[in-house]
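S.K.: I am attaching a structure below and will ask some questions about it afterwards.
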Amino acid sequence: MHPKARIYADPVREVDHFDCLPDSLVLLILNKVEDVRSLGRCYAVSKRLCGLVSLVHDVYVKIDRVVAVDGDAEGTLNLSSPKPRSIFSHFLKLMLFTIIKPFHNMRSPNGTARPLFPQLSQHSPAQVLRNFTHVRNLRIELPSGDVGTEEGVLLKWRAEYGSTLENCVILGGTRVDRKPVGGEHEPALEDNGSMPESFYTNGGLKLRVVWTISSLIAASTRHYLLRSIINGHPTLQSLVLTDADGQGTLCMGAKQLEEFRENQLSTSACSNRTQVPACNMKLKYAPYVELPGGMALQGATLVAIKPSPEGSNGSHPNRKEAEGFVFGAFDGPFKAAVKALMKRRTYLLEMNGF
């Protein structure tokens, strides 16, 4: 008796639904990811993703640590260490480190032993971003602000750059407090809309000058450090460099980026930042400004800065555009502070380039 033959059905092949997605949809998803670390991990998954990751338009780079270079013995500057009091020590030796940590042990998806990013030993953001060839919108976040301030002091700035400074607005205050519960603040008797005489004698004006110069140096240093990224990515249309503390933001739009590439960069005498042109400044001051959310700002100061005609690079924004930049510089309660300060008396100052 012959044994009965058994018939086996062919195993059902599992369908990879991800492979069914068109490249355009996958690219749309990757653009929502933005984070350079997550994109780096996607880069190592497959040959398909390897090719698509390099085409993303929106990239976000978060810097966790700044380390010293050139054999400096200062060691590593990180989030857990105290904020450096000198913006020079913080920036003149800028070297970005752990943004590339996820890439460190990755290998090429084709199975070779060659690292995905052979230039990682340099730990340079420009070199990490070299693999992203179609970046249009780039946002970089530094671990902390650049200007050291005393506890409780508010200092925020926002600068717009092309090949040189175009606009800058600085908001400061000697103290941010919560308003007394059930009580109204009584304005000082000498607050008639003008700066009190004590503002000139107790160092108030000097402090505002220090805030202004320090913020401009921080902005020009950030601008100088972006040159290799801008020149290496001709597709860039928007670039924002901010910090985790929310202290300062440098922004460049499509027109500013184009103008940056077309004009020679003017560096300062120390050759580690862009030269700050001669500027006209409008300073507004209020001893006390109430903020939304039950907060109040003491010694509130607003400084709006534009290059003087001889210090500008041929661009002359009209008054409406300049005021629009000031009003839109900050969000939340600080936007309300700007609105209140814009109603105060204006004091005009001039500053030479440096």
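The values are calculated or read from the model by the stated rules, or taken from the named source; none is laboratory data. All figures in this text were calculated on a predicted structure; none of them were measured in a lab. Here Cβ is always computed from backbone atoms with ideal geometry, including for glycine, and neighbour counts include all displayed protein chains. When the accessible area is computed, the model is the full protein with side chains, heavy atoms only, and any ligands, DNA or RNA have been set aside. Shrake-Rupley method; radii C 1.70, N 1.55, O 1.52, S 1.80 Å.
S.K.: Which residue is surrounded by the fewest Cβ atoms within 10 Å (Cβ to Cβ), if the candidates are limited to the stretch 242-254 and must be of a type outside the set (S, T, N, Q) and not in a loop (DSSP other than H, G, I, E, B)?
M.R.: ALA254
S.K.: For the stretch 313-354, what are the residues that are closer than 18 Å to ALA278 by Cβ and either among the polar types (S, T, N, Q) or modelled with pLDDT under 85 (or both)?
M.R.: ASN313, GLY314, SER315, HIS316, PRO317, ALA322, ASN352
S.K.: Which is aliphatic (A, V, I, L, M) and within 20 Å of THR164 (Cβ to Cβ), of LEU239, LEU207?
M.R.: LEU239
S.K.: Also: If you scan the stretch 271-303, which residues turn out to be among the β-branched types (Val, Ile, Thr) and assigned to a strand (DSSP E or B)?
M.R.: Listed by number, the residues that qualify are THR274, VAL289, THR301, VAL303.
S.K.: Taking ALA304 and the conditions (1) open to solvent by 30 Å² or more (accessible area, probe 1.4 Å); (2) closer than 23 Å to LEU171 by Cα, which numbered condition does it fall short on, given that it satisfies the others?
M.R.: The failed condition is (1).
S.K.: Taking ASP191 as meeting all but one of (1) assigned to a loop (DSSP other than H, G, I, E, B); (2) buried (at least 16 other Cβ atoms within 10 Å of the Cβ); (3) modelled with pLDDT under 95, write down the number of the exception.
M.R.: Only one criterion is unmet by ASP191, namely (2).
S.K.: Out of everything in the stretch 123-163 that is in contact with a Gly (Cβ under 8 Å, 6 or more places away or on another chain) and part of a loop (DSSP other than H, G, I, E, B), what residue ends up being surrounded by the fewest Cβ atoms within 10 Å (Cβ to Cβ)?
M.R.: The extreme case among them is VAL153.
S.K.: Another question about this same structure. Here are the criteria: (1) farther than 17 Å from GLU141 by Cα; (2) surrounded by fewer than 20 Cβ atoms within 10 Å (Cβ to Cβ); (3) not charged (D, E, K, R). Tell me which single one LEU257 does not satisfy.
M.R.: (2)
S.K.: With out of contact with any helix residue (DSSP H, G or I) (no Cβ under 6 Å at 6 or more places or on another chain), among the charged types (D, E, K, R), at pLDDT 50 or above and open to solvent by 40 Å² or more (accessible area, probe 1.4 Å) as the only criterion, which of ARG48, ARG65, ARG37 stands out?
M.R.: ARG48
S.K.: Further, regarding this structure: Being under 18 Å from ILE213 (Cβ atoms) and in the same structural domain as LEU205 (by the TED database) narrows it down to one of ASN263, ASN280, so name that one.
M.R.: ASN280
S.K.: Considering only the stretch 16-50, how many residues are assigned to a helix (DSSP H, G or I) and under 21 Å from VAL128 (Cβ atoms)?
M.R.: 16
S.K.: A further question on this structure: So the check is Cβ under 8 Å with 6+ separation or different chains; which pairs have a first residue in the stretch 152-171 that's within 15 Å of LYS306 (Cβ to Cβ) and a second one that's part of a loop (DSSP other than H, G, I, E, B) and β-branched (Val, Ile, Thr)?
M.R.: LEU165/VAL276
S.K.: Is it the case that LEU205 is open to solvent by 10 Å² or more (accessible area, probe 1.4 Å), modelled with pLDDT under 95 and part of a helix (DSSP H, G or I)?
M.R.: For LEU205, the condition - open to solvent by 10 Å² or more (accessible area, probe 1.4 Å), modelled with pLDDT under 95 and part of a helix (DSSP H, G or I) - is met.
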